[in-house]
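The values are calculated or read from the model by the stated rules, or taken from the named source; none is laboratory data. All figures in this text were calculated on a predicted structure; none of them were measured in a lab. Cβ atoms come from the backbone with ideal geometry, glycine included; neighbour counts cover every protein chain shown. Only protein heavy atoms, including side chains, enter the accessible area calculation; ligands, DNA and RNA are left aside. Shrake-Rupley method; radii C 1.70, N 1.55, O 1.52, S 1.80 Å.
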Amino acid sequence: METEIKDNDTQPPHFYPAYKSTILRSPTKPLMLVKDFIKDLSLPVFGESCIGEFDNDLTKNAMKDRQPIGERIKVAGKVTDQYGRPLPGVLIEIWQANAAGRYIHKAEIHDAPLDPNFLGAGRMLTDKEGGYMFYTIKPGAYPWSNHYNAWRPNHIHFSIMGHQIEHRLVTQMYFPGDPLFEFDPIYQSVPKHARHLLVAKFRMDWTEVEFALAYEFNIVLNGSKRTPFE
Amino acid sequence: MMETLETTPSQTVGPFFAYSLSAEQYGYPFDSIVNDVLVDERSPDERIYITGKVFDGAGAVITDALVELWQADETGRYRKIPIDRKNDGFTGFGRVGTGTNPDGSFSFTTIKPGSQSGGAPHINVMLLMRGSLHLLHTRIYFSDEINDKDVLFSSINAGRRNTLIATLNYGNGRTEYHFDIHMQGDRETVFFDI
Ligand SMILES: [Fe+2]
């Protein structure tokens, strides 16, 4: 009953040795195909009361005495299934480094300044059209220890929880034209033709005059085992 | 055949998720909408505790993993109504990082799930960590249940079924189940392609 991992050609492999931590942390045996046993398994639904007033505004949700340092941006988009149907009520949780490329996380050792007015965590639920929108600060690049002089491109981490088990995804959003793409094994782990799916689009028409630049990042969740009108 | 969109690629959760996904557990100034307790604090149902560790291919304990549990209630039904801030009643959903216990273990407080349509009681597990480019799915079954009647369980290669069984242990004066996850090796956990 154990079969080869399905050929979903936008997805990275599990084992990708250029990203060194995968060597000891990726399954060596094929995943077990279980769609015949797990039909219509839901995931938890979260109510609006779970989301605080400023949870989707990272420029405000940790502000102490002044605005956080950095380039203010809006990140917005839609969550849909593979048929383009909007997915409302999906929980999106994000986290990121500050403008200097520093995470507030205690294990972070990069010698760049913390910003006392910025935490870098946010969350919200998608609206009826599957839409979401965060205000934040453009994250900086940061070094890591994967290889000599390794730097991560600017990115925002996304955790997405839809209402069925296939609709749980954790990913990262990147910014257009980042010169670090070609040196980053995490970005490179994705098949070449699919990498653009992780790169937000700059949206001049969504910018807010004298306030914020804007990026569009749409998320398509895997619903391939369901036909749209069953 | 309807034309389909390309699905968004998965990426690793990385090492720095805690201040967003499990902030209270790690002591960051952001509240958490889920934690290690899946039951209503006030409910009289008998608690079970699920504890374990996540091991890498060299046998080292992984201290930056995130474990999520999702389970049915004692009648075998999953919660359908939205979870709200008041944590009203049984949520069936929990989330714990392995970075706060000194030994790198995770621990959840819940109730034993029921089962429906002939399956064995089980808990769905979702696992994330630095070094994993995907979210991984598996299941916890219980050592004191008849699991062979479960169609998913019995279709697992017989030599690997025990990787999904949590072992009952009354040692600490409470009903504890021990469930370790092995990424690789002889005891490599069976992971699912959902
Ligand atoms: Fe990161």
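Side notes on the structure shown:
- Which listed residue is within 18 Å of the chain's Cα centre (by Cα), within 8 Å of chain B (Cβ to nearest Cβ) and assigned to a loop (DSSP other than H, G, I, E, B), from A:Pro12, A:Pro44: A:Pro12
- Positions within the range B:110-161 being polar (S, T, N, Q), surrounded by fewer than 18 Cβ atoms within 10 Å (Cβ to Cβ) and out of contact with any Leu (no Cβ under 6 Å at 6 or more places or on another chain), in sequence order: B:Ser115, B:Gln116, B:Ser117, B:Ser154, B:Ser155, B:Asn157
- Considering the range A:61-97, the residues that are within 12 Å of chain B (Cβ to nearest Cβ), closer than 25 Å to A:Asp205 by Cβ and within 16 Å of the ligand (Cβ to nearest atom) include one that is surrounded by the fewest Cβ atoms within 10 Å (Cβ to Cβ), namely A:Ile94.
- Qualifying residues in the range A:158-184 (those that are within 18 Å of A:Ser21 (Cα to Cα) and open to solvent by less than 10 Å² (accessible area, probe 1.4 Å)) - the one nearest to the ligand (Cβ to nearest atom): A:Gln172
- Scanning the range B:1-26 for residues that are free of Cβ contacts under 8 Å to residues at least 40 places away in the same chain, open to solvent by 20 Å² or more (accessible area, probe 1.4 Å) and of a type outside the set (S, T, N, Q) returns B:Met1, B:Met2, B:Glu3, B:Leu5, B:Glu6, B:Phe16, B:Glu24.
- Residues that are assigned to a helix (DSSP H, G or I), within 11 Å of B:Leu66 (Cα to Cα) and out of contact with any His (no Cβ under 8 Å at 6 or more places or on another chain), drawn from the range B:1-33: B:Leu21
- Residues within the range B:137-152 that are closer than 24 Å to B:Ser107 by Cβ and not in a strand (DSSP E or B), tallied: 4
- When B:Arg187 is tested against the conditions (1) free of Cβ contacts under 8 Å to residues at least 24 places away in the same chain; (2) within 14 Å of chain A (Cβ to nearest Cβ), the lone failure is (1).
- Test: residue in the range A:114-124 that is more than 10 Å from chain B (Cβ to nearest Cβ), more than 16 Å from the ligand (Cβ to nearest atom) and under 25 Å from B:Arg95 (Cβ atoms): yes
- Residue in the range B:6-20 that is out of contact with any helix residue (DSSP H, G or I) (no Cβ under 7 Å at 6 or more places or on another chain), within 16 Å of the ligand (Cβ to nearest atom) and aromatic (Phe, Trp, Tyr) present: yes
- Filter pass, A:Tyr187 being open to solvent by less than 10 Å² (accessible area, probe 1.4 Å), over 21 Å from B:His137 (Cα atoms) and within 12 Å of the ligand (Cβ to nearest atom): no
- Listed here are the strands (runs of 3 or more DSSP E) enclosed by the range A:64-171 that have at least 2 residues being over 17 Å from the mean Cα position of the chain (by Cα): A:142-144, A:150-152.
- Considering A:Leu58, A:Leu33, the condition of being among the aliphatic types (A, V, I, L, M), more than 8 Å from chain B (Cβ to nearest Cβ) and in contact with a Ser or Thr (Cβ under 6 Å, 6 or more places away or on another chain) is satisfied by A:Leu58 alone.
- Scanning the range A:141-150 for residues that are more than 9 Å from chain B (Cβ to nearest Cβ) and within 11 Å of the ligand (Cβ to nearest atom) gives A:Ala141, A:Tyr142.
- All conditions in (1) in a helix (DSSP H, G or I); (2) open to solvent by 60 Å² or more (accessible area, probe 1.4 Å) hold for B:Asn172, with the sole exception of (1).
- Taken together, the criteria exclude A:Ala200 from residues that are within 14 Å of the ligand (Cβ to nearest atom) and within 14 Å of chain B (Cβ to nearest Cβ).
- All of B:Arg95, B:Arg79 fail the test of being surrounded by 22 or more Cβ atoms within 10 Å (Cβ to Cβ), touching a strand residue (DSSP E or B) at 6+ places or on another chain (Cβ under 9 Å) and of a type outside the set (Val, Ile, Thr), apart from B:Arg95.
- Test: residue in the range B:27-45 that is crowded, with 17+ Cβ neighbours inside 10 Å, touching a residue at least 24 places away in the same chain (Cβ under 8 Å), within 16 Å of the ligand (Cβ to nearest atom) and under 30 Å from A:Met173 (Cβ atoms): no
- Residue check for A:Pro27: facing chain B (nearest Cβ under 8 Å) and either within 16 Å of the ligand (Cβ to nearest atom) or buried (at least 17 other Cβ atoms within 10 Å of the Cβ) (or both): yes
- Criterion applied to A:Ala100, A:Ala121 was being surrounded by fewer than 21 Cβ atoms within 10 Å (Cβ to Cβ) and aliphatic (A, V, I, L, M), and the one residue passing it is A:Ala100.
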